[in-house]
Amino acid sequence: MRLKTLLLGAAAAFALAPAAHAERGTDGELKLSFPQATSILNPYLSDGTKDVIAASMIIEPLAGYDENGTLIAKLISEIPTVANGGISEDLTTITYKLLPDLKWSDGTALTADDIVFTYQYCTDPAGGCAQLTKFDGISKVEAIDAATVKITFAAAKPNPFSAFIGRTSPILQKAQFASCVGAAAPTCTDQNFGPIGTGPFRVTAFTVNDTVSMEANPEYRDPAKPAFATATIKGGGDAESSARAVMQTGEFDYAWNTQIPPDSQAAMTADGKGQFVVAFGPLVERIEINTTDPSADLPEGERSTAAHPHPIFSDVNVRKALSMAIDRSILVEVGYGAGGVATCNLVPAPALYTSDNSGCIAQDLDGAKALLDAAGWVPGADGIREKDGKKLSILYQTTVNPIRQDFQALIKDWWTELGVLVELKAIDPGVFFGGDAGSPDTFEKFYADVEMYANDFSGTDPESYLAQYACDKAPKPETQWQGQNINRFCDPAYDAMVTELSSTRDEVKRAELAKKMNDMLTKDSMTIIPLVHRGTLSAHSNALGGVKINAWDSELWNVADWFRVK
Amino acid sequence: MLTFTLRRLLLAIPTLLVISLVIFLLVDLAPGSPMSEIPLTVPPDVRQKMIAALGADQPVFVRYFLWLRQFFWVEPATVFDGWFGTNMAGDEQRILSWQSRSPVFTIIGQRVPQTLTVIGTAYLIGILIAVPIGIYSAYRQYSWFDQAGTMFAMIGFSVPTFFSGTLFIIIFAVWLGWFPTKYDTTLNVTDWASFIKQVKQMTLPVMTLGLANAAAISRYMRSSMLENMSQDYVRTARAKGMSERTVVLKHVLRNSMIPVVTVIALGIPSIFGGAIITENLFGVNGIGAALIGAIHSNDIPMVQTLAFIFAVLIVIFNLIADVLYGFLDPRIRYE
């Protein structure tokens, strides 16, 4: 957190400094380093954040989020609300008014047709659009006139800010992409590598998985921005070398996603050439508890299904004891340094939706032992606790990742001290997250007692994220093991709250409900044991000004305002 | 010699076909999915649609034959069209990378120059360092120079490039600040200043790889020289009163070069194959970096095509090495 304070201080200092950068293209070259190289500049066909963030310098959505998660207008004159008439009373339509005289980087005018086209482009069934969910629930997108676009929803939508909002939903130019709809989408290499946009920069050259070269967009709507004449994104290598190129050798101005071990963070910061900045979104590293029996003795098709409740985790005291035995602060210190904070919440941000649940932070091994004793789980001859002939023996799986293996080792130690027999397993991330219904090792299949990974939600509203824990979202053989309710958690009271949340419009009431649901999954039932609230750690040189790290939108959301500190 | 070459070339065709099938099955059956990098926030049905749009949901043999057709017909036809302005390939789909949705051969075309400049230079410098070390080490066996050469070779052999590379970065880039750590692939050499820049950015990767290459070749050179030094013809040459210089550099060296040239020729495919670790470490966007990136993201068409090209190169350079052997050593005839 100290870094954050530093950053705020630095930001304040920049805000006070007189703006000496009042002209476009006067500050030379901006050099960015990405540990994962950019593969494509069309977010609708991309499977990775690296591409989405790079593209955000070039193509823009109608509106985005600032560093506090507040919606800000980009290509529109104001954010529509019910009060200003932009959103209809029944919440079924939303109307955006474009800024006057908007131009694409090729000099042609941006009109409402381009927005309608973007909708058609992504929703074409043969296109394989990665951001399809952004357009969920829309029945029609139409151009009222050249500068007005109206979106009609199939049903009342309390939160209509999804389509054309944020980094994953930018506007494409109809003239450029017209021949790329549907099955032709992947074959439009030139378009996908050099989209024409409205952002502060435009592409001059692109080499796949290596370099994006850009220059200031001459048609950018603010004639004084961006301050940099050119920008380059160099990709490849690893987080460590990326961070080094900013923090130690000073070859680059900004490095995205420099998640490196805490001791390296400290050593590089000590060189004084740059600083690490952290954006805390909703990403939480957690242990998920399997509420069903994963035993290999069960026939295939019944393992890890609701047909067989878990023999030991059916006792809530066991789940609570496992959580109490963990010292989350040590985990943060070992694994993430400035890039993480201990948490007890499934929804750790934004602040409005965050429950004040901090009871798990302090480790309580004795309390955990006492809890198990009281519940009848007593140590047997081999020191392993047992009750009614059932032993506290668990299989704990996660992906192959050095930090996760450290976590596994530490947590195994604590749980062993508790009298729990722990077996560890590490799975290749490509398999674990690969979703192959034929593999026994996917995280959805969950052929283990507990598993650890990180997950989050996009945007600032956790509704769909919390709705994942409804009974019918459980992965099961009938659905080819697809579904996001990894724990197979099932509580009618929770399902009722999911329904209630989807029809609640008042923001304060929504937040209250979301907090209650968060508590139900975490501190009340310990179905999910949250460990670390993870941020994305990036680095920028001290010679680069204007950086405001943002977890809710692209990190480069305000790249137009960046400047060279002289 | 010609019939031998032709026979070997014909035999290579079934070999390569089997290799291509084995590679395809290996890559395809390996666990993982092209969608494993997509964030968990993307729901399963959208993932399914994305897989379908890539054609990745087709049965494995359909995809194999499609790949064969693309590799042996569509891609050469596209090249032909490019040269002569014909339209043989028509609208047929080229091999597309799943990760970037661009033709695999375009990516390879972009990357081969970098690999050849950096890895090729490293190989050349490795040879230039290794050959004299090997010669002198053998001539003065067990001298301090030989001991030092042996130590150099041991270090080059046993220190992995990810370690030596990082060490060089910390010494020469972080502490001394002489060289950049990231290779700028957009740099065009147009004048003296940009040439110096190019040399500077090549120094660290070339040093790292050159050390490893030189180590191996110098050992081959040394042992080959030692073997020849004790031969009868060497004694005869000395007895005839030839200078040491003539004996070592003319008689012994020529004969010792035969196996070394073969080793060098067999090593050439690895130049095209790039150096996965070194390229990644220094941000050289070569073939090796492309391969590892494609493996990470389960980009099967890319991995398959690259692996097959390596197989072709290895088969060809094996043949070249064999033919070279016949030229260099009159005792060997393939008739």
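The values are calculated or read from the model by the stated rules, or taken from the named source; none is laboratory data. Just so we're clear, the structure is a prediction, and the values are computed from it rather than from any experiment. When we count neighbours, we look across all protein chains shown, and the Cβ atoms used for this are built from the backbone with ideal geometry, even at glycine.
A few notes on this one:
- A:Phe446 assigned to a loop (DSSP other than H, G, I, E, B) and touching a residue at least 40 places away in the same chain (Cβ under 8 Å): yes
- Top-ranked residue of the range B:271-281 - restricted to ones that are touching a residue at least 24 places away in the same chain (Cβ under 8 Å) and part of a helix (DSSP H, G or I), ranked as nearest to the other protein chains (Cβ to nearest Cβ): B:Leu281
- Just one of the numbered conditions (1) modelled with pLDDT of 85 or more; (2) in contact with a helix residue (DSSP H, G or I) (Cβ under 8 Å, 6 or more places away or on another chain); (3) crowded, with 20+ Cβ neighbours inside 10 Å is not true of B:Met35: (1).
Listed here are the residues, each with its yes/no results for (1) among the basic types (Lys, Arg); (2) under 12 Å from B:Met221 (Cα atoms).
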| residue | (1), (2) |
| --- | --- |
| B:Ser102 | no, no |
| B:Ile108 | no, no |
| B:Val112 | no, no |
| B:Val118 | no, no |
| B:Leu124 | no, no |
| B:Pro132 | no, yes |
| B:Ile135 | no, yes |
| B:Arg140 | yes, no |
| B:Ala153 | no, yes |
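- Residue in the range B:77-85 that is more than 14 Å from chain A (Cβ to nearest Cβ) and touching a helix residue (DSSP H, G or I) at 6+ places or on another chain (Cβ under 9 Å) present: yes
- Boolean, A:Leu352 is of a type in the set (A, V, I, L, M), in contact with a Ser or Thr (Cβ under 6 Å, 6 or more places away or on another chain), under 24 Å from A:Ala467 (Cβ atoms) and not assigned by TED's automatic domain parsing to the domain that holds A:Asn68: no
- In the range A:386-431, the residues that are in a strand (DSSP E or B) and of a type in the set (Phe, Trp, Tyr): A:Tyr396
- Selection of the range B:302-311 for residues being within 12 Å of the chain's Cα centre (by Cα) and surrounded by fewer than 23 Cβ atoms within 10 Å (Cβ to Cβ) yields B:Ala307, B:Ile309, B:Phe310, B:Ala311.
- Residue identified as in a loop (DSSP other than H, G, I, E, B), facing chain A (nearest Cβ under 10 Å) and under 24 Å from the mean Cα position of the chain (by Cα) among B:Asp91, B:Asp184: B:Asp184
- Test: A:Leu556 is of a type in the set (A, V, I, L, M, F, W, C) and more than 18 Å from A:Tyr353 (Cα to Cα): yes
- Of the listed requirements (1) free of Cβ contacts under 8 Å to residues at least 24 places away in the same chain; (2) closer than 20 Å to B:Gly288 by Cβ; (3) surrounded by 19 or more Cβ atoms within 10 Å (Cβ to Cβ), B:Thr115 misses just one: (1).
- The one condition in (1) charged (D, E, K, R); (2) part of a loop (DSSP other than H, G, I, E, B); (3) surrounded by 15 or more Cβ atoms within 10 Å (Cβ to Cβ) that A:Asp356 fails to fulfil: (3)
- Meets criteria (crowded, with 22+ Cβ neighbours inside 10 Å and within 8 Å of chain B (Cβ to nearest Cβ)) for A:Gly435: yes
- Close pairs from the range B:1-21: first touching a residue at least 24 places away in the same chain (Cβ under 8 Å), partner surrounded by 11 or more Cβ atoms within 10 Å (Cβ to Cβ) and part of a helix (DSSP H, G or I), Cβ under 6 Å, at least 6 apart: B:Arg8/B:Leu319; B:Ala12/B:Val315; B:Ile19/B:Ala311; B:Ser20/B:Phe308
- Which listed residue, of B:Asp57, B:Asp45, is assigned to a loop (DSSP other than H, G, I, E, B) and of a type in the set (D, E, K, R): B:Asp57
- Within the range A:449-469, considering residues that are hydroxyl-bearing (Ser, Thr, Tyr), assigned to a loop (DSSP other than H, G, I, E, B) and more than 8 Å from chain B (Cβ to nearest Cβ), the one surrounded by the fewest Cβ atoms within 10 Å (Cβ to Cβ): A:Thr460
- Checked against (1) more than 9 Å from chain A (Cβ to nearest Cβ); (2) without any contact (Cβ under 8 Å) to a residue 12 or more places away in the chain; (3) not charged (D, E, K, R), B:Leu68 passes all but condition (2).
- Matching entry among B:Val260, B:Val284 (being away from chain A (no Cβ under 14 Å), surrounded by 19 or more Cβ atoms within 10 Å (Cβ to Cβ), on the phi < 0 side of the Ramachandran plot and modelled with pLDDT of 85 or more): B:Val260
- A:Glu219 falls short on exactly one of the conditions (1) touching a residue at least 24 places away in the same chain (Cβ under 8 Å); (2) surrounded by fewer than 24 Cβ atoms within 10 Å (Cβ to Cβ); (3) within 13 Å of chain B (Cβ to nearest Cβ), and that condition is (3).
- Test: residue in the range B:177-196 that is closer than 23 Å to B:Met302 by Cβ, surrounded by fewer than 17 Cβ atoms within 10 Å (Cβ to Cβ) and not charged (D, E, K, R): yes
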